[in-house]
1. Considering only residues that are hydrophobic (A, V, I, L, M, F, W, C) and either out of contact with any helix residue (DSSP H, G or I) (no Cβ under 8 Å at 6 or more places or on another chain) or at positive phi (or both), which ones fall in the range 37-82?
2. Could you grab me the full set of residues in the range 61-89 that are at pLDDT below 85, of a type outside the set (S, T, N, Q) and within 30 Å of P127 (Cβ to Cβ)?
3. So, G130, is that one at pLDDT 90 or above, buried (at least 17 other Cβ atoms within 10 Å of the Cβ) and of a type outside the set (S, T, N, Q) or not?
4. Right, T124: β-branched (V, I, T), in contact with a Ser or Thr (Cβ under 9 Å, 6 or more places away or on another chain) and modelled with pLDDT of 90 or more or not?
5. For the range 38-48, does any single residue satisfy the condition of being surrounded by 15 or more Cβ atoms within 10 Å (Cβ to Cβ), in a strand (DSSP E or B) and at pLDDT below 95?
6. Only one residue in V109, V96, V122 is free of Cβ contacts under 8 Å to residues at least 24 places away in the same chain and among the aliphatic types (A, V, I, L, M). Which one?
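The values are calculated or read from the model by the stated rules, or taken from the named source; none is laboratory data. Owing to the predicted nature of the structure, the values given are computational and were not obtained by experimental measurement. Quick reminder, even Gly has a Cβ in these numbers, built from the backbone with ideal geometry, and neighbours come from all protein chains shown.
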Amino acid sequence: MWYVIQVRTGMEEAIRQQCESVIEKQILENCFIPYCEQMKKYQGEWHKEKKILFPGYVFLVSGDQEQLYQDLKKVIGLTKLIGTGREVVPLAEDEVDFLLEFGKEEQIVAMSEGIIEDDRIVVTSGPLKGHEGMIRKVDRHKRRAYLEVEMFGRKIETWVGLEIVAKAATQRKSKEKIQ
């Protein structure tokens, strides 16, 4: 099962390393932070960089929910477990599927590429292809697509890299009235 812990933003990597050292390997199958690729321009050139997809969250994979809960008490800096208070609740299957589809095994969401046709965004390649409905806004200058994702039992806003390579206006034939 996949679980999520909430941590102070900026402390994700330190908490991930702490979890891996404090929690035994047979309890903690995997501990990761999903990233996404982004393009940043500095020194006059565009550079591909990674940023945390969900700031303030660390993901854990474990088959032993009760022992994981006990071992997480040893982690310093943990804000809270995402759950119902006293019980750790695993991520829903569709949330796990989303993370696996977008980030693949290495949990890095690659840059997507698309075009604008009329006023619609059509993603031609990358993880956003076929998921244009998730896009709430596009910033062409910063090469980002802002998304609204159902995660952790609520709607989370995040952004991923999207390069718009062309803007096309299709010709619409006007109907002539026959008199």
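1. The answer is M39, W46, F54, V61, L68, I82.
2. Scanning the range 61-89 gives L78, K80, L81, I82, G83, V88, V89.
3. Taking the combined requirement at face value, the residue does not satisfy it.
4. yes
5. Yes, the range 38-48 contains a residue that is surrounded by 15 or more Cβ atoms within 10 Å (Cβ to Cβ), in a strand (DSSP E or B) and at pLDDT below 95.
6. V122 is the lone residue from the list that is free of Cβ contacts under 8 Å to residues at least 24 places away in the same chain and among the aliphatic types (A, V, I, L, M).
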